[in-house]
1. Could you please give the count of residues in region 249-262 that are open to solvent by 10 Å² or more (accessible area, probe 1.4 Å), under 22 Å from residue 334 (Cα atoms) and either in a loop (DSSP other than H, G, I, E, B) or in contact with a Ser or Thr (Cβ under 6 Å, 6 or more places away or on another chain) (or both)?
2. Would you confirm whether or not region 328-339 contains a residue that is more than 30 Å from residue 111 (Cβ to Cβ) and open to solvent by less than 50 Å² (accessible area, probe 1.4 Å)?
3. Are there any pairs with C-beta distances below 8 angstrom linking a residue in region 228-242 that is assigned to a helix (DSSP H, G or I) to a residue that is open to solvent by 40 Å² or more (accessible area, probe 1.4 Å) and among the hydroxyl-bearing types (Ser, Thr, Tyr), with the two at least 6 apart or on different chains, and if so which?
4. Considering every residue within region 1-8, establish whether at least one is open to solvent by 60 Å² or more (accessible area, probe 1.4 Å), in contact (Cβ under 8 Å) with a residue 12 or more places away in the chain and touching a Lys or Arg at 6+ places or on another chain (Cβ under 9 Å).
5. Counting only residues that are open to solvent by 30 Å² or more (accessible area, probe 1.4 Å) and either aliphatic (A, V, I, L, M) or in a loop (DSSP other than H, G, I, E, B) (or both), how many does region 120-135 have?
6. Among the residues of region 41-55, write down those that are closer than 28 Å to residue 330 by Cα and either among the aliphatic types (A, V, I, L, M) or not in a loop (DSSP other than H, G, I, E, B) (or both).
7. Of (1) of a type in the set (D, E, K, R); (2) over 20 Å from residue 119 (Cα atoms); (3) outside any loop (DSSP other than H, G, I, E, B), residue 293 satisfies all except one. Which?
Amino acid sequence: AEPTKSLIYYEGKLMLSNEVKRALIKKGLTEIAIKSDDKSQISVAFEVPEKWKDKILKEFVKSTLARTGLSISKISNFSMNRGFIVYVNYYNEPVGSISFIRGKGFTDLRLIHGDIKYKPKLIVIIDDFGYSNNDVIKGFLKLNTNVTISVIPGHRYSRWTASEAKKNGKEVMIHMPMEPEDENYAVGEEQYLLKHNLRNYEVEQRINSAYMELPEAVGMNNHMGSLATSDKELMEIVTKSLKKKGLYFIDSLTSPKSIAYEVAREAGIPTAVRTVFLDNKREKTEIRRQFEKAIEVAKRSGNAIAIGHVYPQTLETFKEMIKQGFFSEVSFSFASEVVS
């Protein structure tokens, strides 16, 4: 007598997750973890070595499945030439799938509607490095994830931070001081501050000085700058200088009047705009809420940029959320990966 449906699903999934997997591993394939949007069936995935031809692999899979009583219902090729997926039946009932994936960056991939898709990108930029080398600073630098470190030039630890950040596999940006609307801003960066009344060569000199101090930098964002980023003439000088150096620009959007992004686009340099500030309120619940908002934006549009600062609350919240697996649906990326 034919087994019941519940028994078919149980036996089929068991054979696929045990016997078939063992046979593929024994053949020399490496299993990889990849999330699937189909929770009702078992989904396993393997990295395909370059030397393996798809035709030979498909024949091997077919014979392996046949030995266990499983069969192939269909085979679909992935987009981007990343491999293929085999849909598996048991007693003509679907019990799961086996994905065979080529290339790298498997942790950035998801199986959605039977095709391989890249996870949305979340860019975390941490501002205001350079003032200190305390435990919070070191904590950000030691994070085992892609974080973009934005360093203010001209301070005691600016040079050290940029060097350490690069050693720790982080991306470095210049956090360039720019003139705010509020005249009561903190002083300390006057020799770098980009102001609306500077001559063209003075703006160029200050950017050159910052870049010479922080040669690890591959981009720039504005420190303060609510007045400067709304000044078209000033931002044209800034973007012209950045273009010469091959640097991108992130508009931190410290003012709704900012035209920095538009000017950068017109100048033809890679650019993007901040999505959320993580820690305008230094409360862990609020920082978590802003991370949630950034993830939702990333899911809708493919990427999001979250800017935080070197606060203990920001570091603690970030580490806790990483440990909890909160970011499993996004891929931590550097700012250079989303500018366009």
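The values are calculated or read from the model by the stated rules, or taken from the named source; none is laboratory data. In this text, all values refer to a predicted model and were calculated from it rather than measured experimentally. As a convention, Cβ positions derive from the backbone with ideal geometry for all residues, glycine included, and neighbour counts pool all protein chains shown. Heavy atoms of the whole protein, side chains included, go into the accessibility calculation; ligands, DNA and RNA do not. Shrake-Rupley method; radii C 1.70, N 1.55, O 1.52, S 1.80 Å.
1. 3
2. no
3. 229/254
4. No, because not a single residue in region 1-8 is open to solvent by 60 Å² or more (accessible area, probe 1.4 Å), in contact (Cβ under 8 Å) with a residue 12 or more places away in the chain and touching a Lys or Arg at 6+ places or on another chain (Cβ under 9 Å).
5. The total comes to 4.
6. If the condition is that a residue be closer than 28 Å to residue 330 by Cα and either among the aliphatic types (A, V, I, L, M) or not in a loop (DSSP other than H, G, I, E, B) (or both), then 42, 43, 44, 45, 46, 47, 48 are the ones that fit.
7. All conditions are met except number (2).
Results for (1) part of a strand (DSSP E or B); (2) in contact with a strand residue (DSSP E or B) (Cβ under 8 Å, 6 or more places away or on another chain); (3) more than 18 Å from residue 28 (Cβ to Cβ); (4) open to solvent by less than 60 Å² (accessible area, probe 1.4 Å), shown as yes or no for each residue.
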| site | (1), (2), (3), (4) |
| --- | --- |
| 39 | no, no, yes, no |
| 58 | no, yes, no, yes |
| 62 | no, yes, no, no |
| 73 | yes, yes, yes, no |
| 80 | no, yes, yes, no |
